[in-house]
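Student: Please find one structure pasted underneath; my questions will follow.
What follows is calculated from the coordinates using simple rules that are stated; it is not laboratory data. As the structure is a prediction and not an experimental result, all values here were calculated from the model. FYI the Cβ positions are ideal-geometry reconstructions off the backbone, even for glycines, and counts take in every protein chain you see.
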Amino acid sequence: MDQRKLEYRHLMEMDEDFQGKVVLCNVFYLRGSPEDKAMIEDRTVKLPNSDPRYSGELKYKAYHLSLVTIETIINRKLPFLLPFVIESELRTLKESSTSRATSLMLSLLQQIDEHEAELTEMIMALTAEQMESLRTVIEYLWGKSYSKDVFNQSTLLKLMREQLNFRQRDIQWGRTEGRDEGLAKGISVAKLMLQQGKITQEQLEFFIQQMEEKDKKKQQKW
């Protein structure tokens with residue numbers, strides 16, 4: 001990551017649009033961060049270049065979003081992390097079992113509910129420019145477009161909750177659909193084997209019964 005940040009820095013410094021401007025560098029790890037990492041790291045990289053134009057140090061912050069809590073955002077006054085924390089949670093939902101994903105989602109929603117007053121106060125203090133930056137980030141991360149009437153200081157928390165609930169339902173539907181499709185394919189193959197004389201009617205009925213019982217157990221587990 002240090003090497004990539006150095007490359008980005010060099011490219012930006014050669015761009016006329018960035019000359020004379022201070023470029024802030026941040027890295028956002030959306031998932032997979034070790035638990036022993038600091039939630040927010042201050043990193044310093046020496047620029048190994050003899051050219052004085054590109055010498056000195058590069059400093060940037062690394063945010064491990066899977067370790068950041070709503071309370072951290074409030075205590076450190078980091079409202080710009082809100083969409084990243086939501087996105088980190090959504091990516092975790094995709095890779096988790098349904099029961100664990102539901103637990104994670106409910107935990108984040110509970111954090112938002114418990115700290116709604118503090119979050120609202122922090123959001124209401126944002127400037128129009130800061131809200132516009134948040135809207136740009138959220139549209140990029142969530143793949144959606146919001147008008148200013150829909151996305152504003154009074155609706156931000158509502159949109160965050162809706163995004164979590166929507167994606168959880170989407171993931172649950174996808175897993176249910178996949179499970180039903182797998183069951184249907186299994187039964188279809190068994191019926192074909194019956195037609196070909198490879199199994200008996202009794203074996204077919206036993207197979208279907210076992211498949212359905214196994215499917216019920218999976219549903220109860222999820």
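Student: Mind listing which trypsin sites (Lys or Arg not before Pro) in region 104-170 are in a DSSP loop and have 13 or fewer other Cβ atoms within 10 Å?
Tutor: 144, 148
Student: Taking the Cα of residue 47, stepping 7 Å toward and past its beta carbon, and measuring to each backbone N in region 2-18: which are under 12 Å?
Tutor: Only 6-15 pass the distance filter.
Student: Round to the nearest 0.05 the FRET efficiency obtained for residue 75 and residue 7 when R0 = 45 Å and r is the Cβ-Cβ distance.
Tutor: Calculated transfer efficiency: 0.85.
Student: Starting from the amide H of residue 28, placed 1.01 Å from N in the peptide plane, find each other amide H under 5 Å away whose residue is 5 or more places distant or on another chain.
Tutor: So residue 28 has HN proximity to 63.
Student: What is the antiparallel percent of DSSP beta bridges lying wholly in region 1-67, to the nearest 5?
Tutor: 65 percent
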